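Input: a single structure, listed below in structure tokens.
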Amino acid sequence: MAPGDILSVLVYNHPELTMPAGPDRSSVETGFRVQSDGTFFYPFLGQVQAEGMAPEEIRANLMGALAEYITDPQLEVRVAAFNSQAVNITGAVVTPQRLPVTTVPMTLLDAVNAAGGLDPQADAERVTIQRNGRAYTVDLDGFLERGIFSNNPMLGSGDVVYVPASATEEVYILGEVGRPAAIDLEGEGLSLTQALARQGGLNELRGDARGIFVFRGNSDNMTVFQLSVESPTGFLLGTRFDLQPDDVVYVTRSPRQRWNDTISGLLPSVGGVPALARANTSLETF
């Protein structure tokens with residue numbers, strides 16, 4: 001036992017030594033709380049040592065001490081609440097909280113259920129248990145989905161369970177497409193053609209059918225893929241190219257559109273050029 005724990009003591013045939021619970025009071029409310037000095041007060045006996053002792057040891061000590069007042073005392077000692085021992089569960093669960101450790105063994109899944117279950121965004125494959133200064137990663141999903149019993153370990157007092165949220169897996173569709181945006185993969189496969197179609201396809205007036213690029217990796221180690229969709233065959237090839245989290249898909253502007261954009265930017269500032277000349281400037285072919 002430890003300070004904060006609550007004991008329930010029942011002395012048979014001697015109700016005066018048993019604190020009555022009553023219809024509206026639990027044994028936790030009426031039990032004997034272990035104080036900061038490791039003792040609890042008991043009638044006739046005064047302060048009784050409890051810290052570091054099992055209920056059976058406390059029972060034996062009480063029986064010996066009460067024998068001076070009662071002939072052959074018969075009693076039972078139970079733990080009403082283990083307030084000194086607990087498991088903390090936090091992160092992506094419905095109700096993060098401190099769970100008391102009792103005589104009933106507690107598994108990782110028991111703790112998750114007691115906290116209201118996993119949050120919809122929880123990553124059950126990377127649950128962390130901190131114990132005695134060390135951190136362990138547990139794939140709880142391995143137990144839930146595949147029945148791997150070792151992935152549902154027993155918990156003990158002082159354990160801290162952290163359930164992380166799933167990292168967002170997104171790809172980014174940019175450039176000359178109908179709706180540039182980030183797309184959440186949600187754990188599902190997505191091809192390059194599907195991603196383009198989902199965002200409205202290429203901009204027919206501005207997009208370059210030869211300039212679809214996929215950037216993968218980071219600045220130190222980047223791979224660039226190019227796809228041309230000048231013919232339907234290109235879109236067919238795109239259905240076989242699966243995107244990965246953090247891929248960036250960029251559709252460039254066509255050469256004609258770049259030329260027209262440049263001229264459009266210049267014309268408003270050229271006030272002395274005849275209107276016909278300005279109009280003919282954009283008719284150059286490629």
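The values are calculated or read from the model by the stated rules, or taken from the named source; none is laboratory data. As the structure is a prediction and not an experimental result, all values here were calculated from the model. With ideal geometry, Cβ positions are generated from the backbone for all residues, glycine too; neighbour counts draw on all protein chains shown. Accessible surface areas use protein heavy atoms only, side chains included; no ligands, DNA or RNA. Shrake-Rupley method; radii C 1.70, N 1.55, O 1.52, S 1.80 Å.
List of remarks:
- Once the 1.4 Å probe is applied to the protein heavy atoms, the chain comes out at 59 Å² accessible per residue.
- Extension gain from residue 33 to residue 107, taking 0.36 nm per residue of separation minus the Cα-Cα distance: 23.9 nm
- Gaussian network model of the chain, springs between alpha carbon atoms under 10 Å - residue of 45, 196, 185 with greatest fluctuation: 45
- Cα-centre dipole for the range 90-149 with unit charges at Cβ (Lys and Arg positive, Asp and Glu negative), debye to 20: 320
- Cβ-Cβ FRET estimate between residue 54 and residue 148, R0 fixed at 35 Å, reported to 0.05: 0.55
- In a reduced charge model with +1 at each Lys and Arg Cβ and -1 at each Asp and Glu Cβ, the chain shows a dipole moment near 1240 debye about its Cα centre.
- For the pair residue 210 and residue 72, the difference between a 0.36 nm per residue extended length and the Cα-Cα distance amounts to 39.9 nm.
- With the highest mean first, a sort of the peptides 83-89, 9-15 on other beta-carbon atoms found within 10 angstrom per residue produces 83-89, 9-15.
- Those residues of the range 85-100 whose amide nitrogen sits under 17 Å from the label point placed on residue 131, 7 Å along Cα→Cβ: 85-90, 99-100
- Among residues other than residue 141 with Cβ under 12 Å from its Cβ, the summed charge is -2 (Lys and Arg +1, Asp and Glu -1).
- Ordering 104, 71, 94 by Cα displacement along the dipole of the range 5-112 toward the positive end leaves 94 in first place; charges were set at the Cβ atoms of Lys, Arg (+1) and Asp, Glu (-1).
- Inter-label distance, nm, simple model (7 Å from Cα along the C-beta direction), residue 41/residue 231: 9.6
- Over the range 13-128, the reciprocal of the mean inverse Cα-Cα separation, the Kirkwood hydrodynamic radius, stands at 17.1 Å.
- Atom-type composition of the exposed protein surface of the chain places 52 percent of the accessible area on carbon and sulfur (1.4 angstrom probe).
- Net +/- balance of residues flanking residue 38 in space, Cβ distance below 11 Å, scoring K and R +1, D and E -1: -3
- Fluctuation leader among 31, 158, 200 - the chain, Gaussian network, Cα springs under 10 angstrom: 200
- Choice from 203, 61, 218 with maximal GNM fluctuation in the chain (Cα, 10 Å cutoff): 218
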